[in-house]
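Chemist: Just dropping this structure here.
The values are calculated or read from the model by the stated rules, or taken from the named source; none is laboratory data. Being a predicted model, the structure only gives us computed values, none of them experimental. Cβ atoms come from the backbone with ideal geometry, glycine included; neighbour counts cover every protein chain shown. What goes into the accessible areas is simple: the full protein's heavy atoms, side chains included, and nothing from ligands, DNA or RNA. Shrake-Rupley method; radii C 1.70, N 1.55, O 1.52, S 1.80 Å.
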Amino acid sequence: MNTKIWLSSPHMGNKEIEYVHEAFNTNWIAPLGPHVDGFERDVAAYTGAGHVAALSSGTAALHMALILLGVGKGDEVICQSMTFAASANPVMYQGATPIFVDSEEETWGMDPELLEEAIKDRIARGKKPKAIIPVHLYGMPVKIDEIMTVAAAYDIPVVEDAAEALGSTFQDKACGTFGKLGVLSFNGNKIITTSGGGALVGNDEELIKKARFLATQAKDAAPHYQHSQIGYNYRMSNVCAGIGRGQMEVLNDRVAQRRANHDYYLNQLGDLPGITFVMEPEGYYSNRWLTTILVNPAESNGVTREELRIALEKENIESRAVWKPMHIQPVFEGAPAYVNGTSEKLFEQGLCLPSGSNLTHNELDRVINIFNEVMQPQKV
Ligand SMILES: *Cc1c(COP(=O)(O)O)cnc(C)c1O
C-alpha cells in the first residue's frame, strides 16, 4: 500500500520542542506561564490584534465571545450555514438560537445581502440578533467589509470565526481583526497547531481581560476562593503555548507552502473539464488552509465529487467533502435559515484536497494522477 497522504497534518518546525523543554525545565506545566504570555504577544504582533487571550480551543473562544457579548437564553445569533459545526454549537451552549445564513459563490462565505434580509426579517418578527458569526472558510476571507457595513447599520456585534484563516488578510488587514471579537484555532489540522488550542482576539482590552478572568474559573480578588460569576476552565496550557511559540516562527512559511500547493493543483488540474477552483478577488489573500474545488458532473463527463473522493481513498489519500451546511444538519433541524441554494450546491460538488504544508511534490503528483485517471482515462 502507498503511504498515507493526509488532508492536513501537523508540521513542526525546529523550535517547538525547545520551548516545550523550557516549560518542563522551569516546571511551568499549567494553564498559565511565560509561554502563554509570550504566545499571546506573538499572535498579537502577527495579526495586529490589540489584545489576545490564549484559550484551550477555538470552540472555547467562540463560547467566550458569546458570553462576553451577553448572549443568553432565548437570544438569536446569526451564523454562517456553510461551516464546521463548532461555529454554531456555542450558540446552543448559551441556550440561544442559531439563525443560519447561506453563502455567496465567490468566497463561499456568508452572503452580505442575504444577511441583511435575515436581520430585517428577524427584527420584523420581534427579535434583533445579538451577534453575527461570519466564517473565513478554508482560509478565504469572507466579504468582511460588506458584512461589517450591514452589521454597523443595525448595530450588531460581529464575532469573526477565523479558525481556518490565521495568515489570511483582506486589504492587508488580518482576518479576525475586523469584528468586535475574533476567534482563532490551533487544532491539530489547522495551519499551525498547539496540538489543541485557540485564541480570542480583539481591540477592547477590557473584554479580553474579562475573557482571561472567566476562562480561569472567575476567581474574584479575595484572600479565599470567592466567585460572583460562573467561570470556565478554558485557558491554554503553558506546554501547548510552547508549541505555539515555535509554530508562530514558521507561520509565514506554512502559508507560503499551502499557497504553493494550491497553485500547483490549479496549474495541473485547472483545465480539467468541470473542475473549478476558488480564486481570490482583488484585495483578498487566503492562507489556502485547504485547497477546495468544485466538480460539476454536467461538465465533467458525469464524474462526481464522490467518485473522485473514493478513488483517492482507494490509493490511501485522504480528501474530504466540503462542510455539510448547518441548516441541513439533523442536530439543527428546525432552526431558522435564510438560504439561496449556494451552500447546498457547494456541499454536493465541493472537495477538499490534501493541503498540508509538509506534502512533497511527489505526493501532490499522486493526487493529480488519480484525477487524470478518473477524468481523462483515454489519455492515461
Ligand atoms: C476548527 C474550527 C473551529 C473550532 O476550533 P477548535 O480549536 O477545533 O475548537 C471553529 N470554527 C471553524 C470554522 C473551524 O474550522
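Chemist: What percentage of the solvent-accessible surface of the chain, computed with a 1.4 Å probe over protein heavy atoms, is contributed by carbon and sulfur atoms?
Modeler: Working: 7810 of 15860 Å².
Within the chain, the accessible surface is 49 percent carbon and sulfur.
Chemist: With a 1.4 Å probe and all protein chains kept in place, how do Phe84, Phe277 rank by accessible area, largest first?
Modeler: The most accessible residue leads, giving Phe84, Phe277.
Chemist: Another question about this same structure. Taking amide H atoms as placed 1.01 Å from N in the peptide plane, list the residues 5 or more away in sequence, or in a different chain, whose amide H sits under 5 Å from that of Thr291.
Modeler: For Thr291, the qualifying residues are Leu353.
Chemist: Leaving ligands and nucleic acids out of the surface, order Thr276, Thr291 by accessible area at 1.4 Å, largest first.
Modeler: Values: Thr276 70, Thr291 0 Å².
From most accessible down to least: Thr276, Thr291.
Chemist: Would you pull out the residues with amide H under 5 Å of Ala321's amide H, same chain only if 5 or more places away, H placed 1.01 Å from N?
Modeler: Here the answer is Cys352, since their amide H atoms fall under 5 Å of that of Ala321.
Chemist: When the Cα atoms of the chain are enclosed in a convex hull and the volume is divided per residue, what value in Å³ results?
Modeler: Details: hull volume 54.3 nm³, N = 380.
Measuring per residue, one finds 143 Å³ for the Cα hull of the chain.
Chemist: Given a Förster distance of 25 angstrom, what is the FRET efficiency for Ile230 paired with Ser195, based on the Cβ-Cβ distance and rounded to 0.05?
Modeler: 0.35
Chemist: Accessible area per residue of the chain at 1.4 Å probe, in Å²?
Modeler: Details: 15860 Å² over 380 residues.
Roughly 42 Å² per residue, with all protein chains present.
Chemist: Which residues does a label at Thr3 reach in region 302-321, if reach means a backbone N under 19 Å from a point 7 Å past the Cα toward the Cβ?
Modeler: Flagged as within label range: 313-319.
Chemist: Let me ask something else about it. Sum up the charges of everything whose Cβ sits under 11 Å from the Cβ of Glu105, counting Lys and Arg as +1 and Asp and Glu as -1, but leave Glu105 out. Don't jump to the answer; show the numbers that get you there.
Modeler: Details: positive: Lys345; negative: Asp102, Glu104, Glu106, Asp111.
Counting the neighbours of Glu105, the net charge comes to -3.
Chemist: For region 16-250, give me the percentage of DSSP beta bridges that are antiparallel, rounded to the nearest 5 percent.
Modeler: Working: 14 of 27 bridges.
So the antiparallel bridges amount to about 50 percent of the total.
Chemist: Top to bottom by accessible area (1.4 Å), largest first, where do Glu205, Glu164, Glu116 land? Could the numbers behind the result be given before it?
Modeler: Working: Glu205 85, Glu164 10, Glu116 60 Å².
Putting Glu205, Glu164, Glu116 in descending order of accessible area: Glu205, Glu116, Glu164.
Chemist: What FRET efficiency would be calculated for the residue pair Lys345, Asp204, taking the C-beta separation as r and a Förster radius of 35 Å, to the nearest 0.05? Let's see the in-between values first.
Modeler: Numbers: r = 38 Å, r/R0 = 1.08.
In this case the efficiency is close to 0.40.
Chemist: Next up: To the nearest 500 deg cm²/dmol, what mean residue ellipticity at 222 nm is calculated for the chain from DSSP H runs of n ≥ 4 alone, each contributing -39,500 (n - 2.57), summed and divided by the residues?
Modeler: Working: 11 runs with 139 residues, N = 380.
Computed ellipticity for the chain at 222 nm equals -11500 deg cm²/dmol.
Chemist: Please identify every one of the GluC sites (Glu not before Pro) in region 285-380 that sits in a loop by DSSP and has no more than 10 other beta carbons within 10 Å of its own beta carbon.
Modeler: On the way: sites: Glu299, Glu306, Glu307, Glu313, Glu315, Glu318, Glu333, Glu344, Glu348, Glu363, Glu373; in loops: Glu299, Glu315, Glu318, Glu333.
The qualifying sites are Glu333.
Chemist: Kirkwood hydrodynamic radius for region 252-378: how many Å is it when counted over pairs of different Cα atoms?
Modeler: Details: mean 1/r = 0.0638 Å⁻¹.
15.7 Å is the Kirkwood radius here.
Chemist: What does the net charge come to around Ser319 if you take all other residues with beta carbon closer than 13 Å to its beta carbon, with K and R at +1 and D and E at -1?
Modeler: 0
Chemist: Something else about it: Which ³J(HN,Hα) values in Hz, rounded to whole numbers, follow from the phi angles of region 106-118 under the Karplus curve 6.51 cos²θ - 1.76 cosθ + 1.60, where θ = phi - 60° and Gly and Pro get x?
Modeler: 6, 10, 6, x, 3, 7, x, 5, 5, 4, 5, 4, 4
Chemist: I would also like to ask the following. Multiplying the sequence separation of Leu266 and Ala124 by 0.36 nm and subtracting their Cα-Cα distance, what value in nm do you get? Display every interim value, and only then the final one.
Modeler: On the way: separation 142, 0.36 × 142 = 51.12 nm, distance 4.51 nm.
Net length gain for the segment: 46.6 nm.
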